[in-house]
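Here the structure comes first, spelled out in structure tokens, and everything after it is commentary.
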Amino acid sequence: MKVLAAGVVPLLLVLHWRHGAGSPLPITPVNATCATRHPCPSNLMNQIRNQLGQLNSSANSLFILYYTAQGEPFPNNLDKLCSPNVTDFPPFHANGTEKARLVELYRIIAYLGASLGNITRDQKVLNPYAHGLHSKLNSTADVLRGLLSNVLCRLCSKYHVSHVDVTYGPDTSGKDVFQKKKLGCQLLGKYKQVIAVLAQAF
Amino acid sequence: MFTLQTWIVQALFIFLTTESIGELIVPCAHIHPESSVIQLGSNFTAVCVLKEKCMDDYHVTANDIFWKTSRVTVPYKQYTVINRTASSVTFPNISLINALLTCNIRMFGQINRSVYGIRIISGFPPEKPKNLSCIVNEGKKMMCQWDPGRETHLETNYTLKSEWATEKFDDCKAKRDTPTSCTVDYPPVYFVNIEVWVEAENALGKVASDHINFDPIDKVKLNPPHILSVNNSKELSSILKLTWTDSRFKSFITLKYDIQYRTKDASTWNQVPPEDTSSTRSSFTVQDLKPFTEYVFRIRCMKEDGKGFWSDWSEEASGITYEDRPSKAPSFWYKIEPSHAHGTRSVQLKWKTLPPFEANGKILDYEVTLTRWKSHSQNYTVTDTKLTVNVTNDRYIATLTARNLVGKSDASVLTIPAWDFQGNLVESKCYLITVTPVYADGPGSPEHIKAYLKQAAPSKGPTVRTKKVGKNEAVLEWDQLPVDVQNGFIRNYTIFYRTVIGNETAVNVDSSHTEYTLSSLTSDTLYMVRMAAYTDEGGKDGPEFTFTTPKFAQGEIEAIVVPVCLAFLLTTLLGVLFCFNKRDLIKKHIWPNVPDPSKSHIAQWSPHTPPRHFNSKDQMYPDGNFTDVSVVEIEANDKKPFPEDLKSLDLFKKEKVNTEGHSSGIGGSSCMSSSRPSISSSDENESAQNTSSTVQYSTVVHSGYRHQVPSVQVFSRSESTQPLLDSEERPEDLQLVDNVDGSDGILPRQRYFKQNCSQHETSPDISHFERSQQVSSVNEEDFVRLKQQQISDHISQPYGSGKMKMFQEVPAVDAFGPGIEGQVERFETVGMEAAVDEGMPKSYLPQTVRRGGYMPQ
């Protein structure tokens, strides 16, 4: 079983990180038993809170770094170009049960991770010399990956949830440069907004 | 690498063993095993197998095989010829080796030829790596290190493995030059537990270390803070404020700091208390610093919970505290220059600059004030460290203060004496001369000396007095003479003492002493003593003092009186003890007991009065005091057999044991009558004979104890008459009592028993009933005997009470309780009477005798 989990769980994670995923998947949690490579730590929720705090503390600087790196007209038209209007963003209900909040957090982190992957990929092409932005995007993606692992560990160990259907944002590979920048800015604006809510909710 | 070497060696031998160029390369032999990595300390055996073709070509067999290691022939005793083609060599307990092992043949003509070879290497399998630990330097990737254990002497690969609970990371292979550490390729992700372990592997084995599981945030070593500034405060000259920039981690973890500081020239660091810097902050104000002093600071940080590592120290930064007013006035002195002008003189005032720790800032100038006696003062402001002024020959007071940006120091004061100072010295006056050296950097320590211009004899002698006067000695004491009357240095004292009629004796005493003991004095004598003090120029006597030595020394009288008193007390005590021990003898001879007939009682008697009461008596009067005993003298027939008596005595003992502690009406009572039934049951006839053969007295007791009316009257039979008084005093009777228990063959003629019932046994009937119920061990036979006894008593004692009748009507078997009750009641009657006697004067008469005298039965 452990070997199976060792193969399945990374596969799930890898699938989550694929760039440009398609339409939202149906949310049908599977009640299959799950196992982890080693036991989850007892302070898992505290770690999740710290991770959300870590992301929240850097979200604004990432947003600023992004729209600054894009150049005009972004810095002076944030309301128009970077408003957090992401229609298909997974919902979050702060007053739900811990399990429900963790499932929703899992979807949001998966969504953000995939979107951040798209943005990182686009920015390496659009702003190849914005190393600071690239580094910040990568480190944020690493933290999101760790957060996803912790949430999965919690869902698996406490609630025996081994699979959560997730949705992803639109694939930007076919968009033009401006649209790529705009979608990235909107996503990071949304990220800044939602991560503050999540940091408060846990 | 090792494999490559092996192949090269084998290839070399292949070439060596080819017979001709161009022919197929076929080795002449081969060695098993091909792999030759051997564990140190183990045995190793290699087998060389010759090929048939070689054997035919060279005409050799396995016997012709010999082995070499690095060109050294292995001793033949290690060889074993397995068969015609194979020979083996064994290396026991192989040591550290890395050598070429070759199989050789000795051909015809003593030509040696190597036919095959392998490289053998020895070493150890890897030990389990220990002390695995990891560190995450901020901004860098995680690095782990471990202790690989003993040297393996083999090529050993160390692989660091790591994984999350949900994901496994790529292995981190340690480099050859750093086999004890490895830095992972992936960036650290904090707040996710990671599990790490090390696997060590070489040709002899593979082993993994223990797994460690941790959150990388707990292994982080932060970058040191960067000190931005060190600022002072004009308001407080003792503080400096340190500000710094922190690690970016402070946005999501709490940090604590370690701040150290020192003065610029110091080598040791002072520590800011850790509790003051135990939370995230970006500035700190260090207090209690010296004013106008340059301090150097450094700071480091780590996680507030102590998990992880301290950062490196920051770069040092320095700052200077603000100035404060000089903390000390400068030392200064004067020098009077000779002046030709009349009435004036030139005085040079000099001082030295304050050291920095006293100046507390940059000294801007000095303010000098010269004040003549009762005159105006003159002020001078000087930037130099000296001032020369012309003053009159009067006495002056000079003051000096140093001034810096903040304020002035306290003033130093110096008196410049008047010019005529040197002409006023007088004789016979003590002067204290002080010389202070003046060096380039300030005044040295002064030296003092006392001196007289000219000495004279003291103007007054010392006054002597006694401090303590003994029988043969006296301690004298005196005060040092005041300086004013000494007129010189006191060299010694002389004490003169004499009696009224004797000669005067003189004793010299050193001037440093203030007391002296006169010895060999005569007791009870008047002495006169005086004292003289001497300088180099003469002496002066003091007033005379008289004292009288006492007749006795202190404690002499006490030494005589106390032993006498103690001897007297001891004698008295011994006399009292003697009288106490012999009180009976004394009492007999001095105040013998004289019976009072008015208080006589007839001792209780019954025909069955048992001799066994002696046993109880012994317990009651262990000290042999028979003053209160009743004596019933019965002429017993010595010729009568006694076994029954002894049986009844045993029975009594049994009953005593059974009822002990229950205060039973039968055996538990201490009343003598309690034993009566057993006697009557066993010796009824005998008692009848005794009754007929002796003069007996009896009485019916009517009185109760303390207003209690006895329920039954008991006949008491007694042989007690006045002549019996003598028998009680006879010691031989007492001896007989003692023999009752100890000797079966002796039945006492005189039988003693005490009727001494306690208050408890005079309690109401109901309590007796309860107590009788407890005596359940009494068997029915005993009870029957008791009843028979009562019946016989009743017949022989026609004055029985109504209760006695009721007892007789109760069937023996059914009425165990009531029967006992009646029985107890009867016995208690006697007991109550005896209790009355306790309050009466002791007599030699039987105590269970009714007041009023004896009554014949």
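The values are calculated or read from the model by the stated rules, or taken from the named source; none is laboratory data. Keep in mind it's a predicted model, so treat the numbers as computed, not measured. In this analysis, Cβ positions are derived from the backbone assuming ideal geometry, glycine residues included, and neighbour counts consider all displayed protein chains.
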Any chance the stretch A:64-80 includes a residue that's β-branched (V, I, T) and more than 14 Å from chain B (Cβ to nearest Cβ)? yes
List pairs: first in the stretch A:153-166 and more than 21 Å from B:I194 (Cβ to Cβ) and within 13 Å of another protein chain (Cβ to nearest Cβ), second surrounded by fewer than 21 Cβ atoms within 10 Å (Cβ to Cβ) and among the charged types (D, E, K, R), Cβ under 9 Å, 6+ apart or cross-chain? A:V161/A:K99
Of all strands (runs of 3 or more DSSP E) fully inside the stretch B:126-231, the set with 3 or more residues that are more than 14 Å from chain A (Cβ to nearest Cβ) is B:130-137, B:142-147, B:157-163, B:181-183, B:194-202, B:205-208
Taking the condition modelled with pLDDT of 90 or more, away from chain A (no Cβ under 14 Å) and surrounded by fewer than 19 Cβ atoms within 10 Å (Cβ to Cβ), does B:R298 pass? no
Cβ pairs under 8 Å, 6+ apart, first in the stretch A:48-69 and closer than 15 Å to A:A196 by Cβ, second of a type in the set (D, E, K, R): A:S58/A:K136; A:A59/A:K192; A:N60/A:K192; A:S61/A:K136; A:L62/A:K136; A:L62/A:K192; A:F63/A:K192
I'd like to check something: does the stretch B:549-559 contain any residue that is under 30 Å from B:L526 (Cα atoms) and exposed (fewer than 10 other Cβ atoms within 10 Å of the Cβ)? yes
Of all residues in the stretch A:79-100, which are surrounded by 11 or more Cβ atoms within 10 Å (Cβ to Cβ) and over 12 Å from A:L183 (Cα atoms)? A:D88, A:F89, A:P90, A:F92, A:A94, A:G96, A:E98, A:K99, A:A100
Condition met for A:V177 (among the hydrophobic types (A, V, I, L, M, F, W, C) and more than 14 Å from chain B (Cβ to nearest Cβ)): yes
Do the conditions hold for B:I239, that is, is it of a type outside the set (G, A, S) and farther than 30 Å from A:Q47 by Cα? yes
Scan the stretch B:464-473 and tell me whether some residue there is loosely packed, with under 13 Cβ neighbours inside 10 Å and farther than 30 Å from B:S523 by Cβ. no
Contacts under 8 angstrom Cβ, first residue in the stretch B:380-391 being exposed (fewer than 14 other Cβ atoms within 10 Å of the Cβ), partner in a loop (DSSP other than H, G, I, E, B), 6 or more apart: B:T383/B:L364; B:N390/B:S339; B:N390/B:A341
Could you give me the residue pairs with C-beta distances under 7 Å whose first residue belongs to the stretch B:443-465 and is farther than 30 Å from B:V507 by Cα, whose second residue is small (G, A, S) and surrounded by 11 or more Cβ atoms within 10 Å (Cβ to Cβ) wherever it lies, and which are 6+ apart or on separate chains? B:P443/B:S331
Can you tell me which residues in the stretch B:129-144 are surrounded by fewer than 21 Cβ atoms within 10 Å (Cβ to Cβ) and over 46 Å from the mean Cα position of the chain (by Cα)? B:N137, B:E138, B:G139, B:K140, B:K141, B:M143
Give the number of residues within the stretch B:84-100 that are farther than 28 Å from B:P179 by Cα and at pLDDT below 90. 4
Selected residue (criterion: farthest from B:L236 (Cα to Cα)) from residues of the stretch B:388-404 that are modelled with pLDDT under 90 and not in a strand (DSSP E or B): B:N393
I'd like the full set of residues that are within 14 Å of chain A (Cβ to nearest Cβ) and free of Cβ contacts under 8 Å to residues at least 12 places away in the same chain, limited to the stretch B:249-270. B:S251, B:F252
When you look at A:N60, is it modelled with pLDDT of 90 or more, more than 10 Å from chain B (Cβ to nearest Cβ), surrounded by fewer than 16 Cβ atoms within 10 Å (Cβ to Cβ) and not in a loop (DSSP other than H, G, I, E, B), yes or no? yes
Return the residues of the stretch B:45-78 that are aromatic (F, W, Y), buried (at least 17 other Cβ atoms within 10 Å of the Cβ) and either more than 29 Å from B:P125 (Cβ to Cβ) or modelled with pLDDT under 90 (or both); say none if nothing qualifies. B:Y58, B:F66
Can you name every residue in the stretch A:106-138 that is within 14 Å of chain B (Cβ to nearest Cβ) and touching a residue at least 40 places away in the same chain (Cβ under 8 Å)? A:Y106, A:I109, A:A110, A:G113, A:G132, A:K136, A:L137
Would the stretch A:109-121 turn up any residue that is over 20 Å from A:Q200 (Cα atoms) and surrounded by fewer than 20 Cβ atoms within 10 Å (Cβ to Cβ)? yes
Would you be able to say whether some residue in the stretch B:380-387 is assigned to a loop (DSSP other than H, G, I, E, B) and within 24 Å of B:F489 (Cβ to Cβ)? no
Boolean, A:S149 is in contact with a Ser or Thr (Cβ under 7 Å, 6 or more places away or on another chain), modelled with pLDDT of 90 or more and of a type in the set (S, T, Y): yes
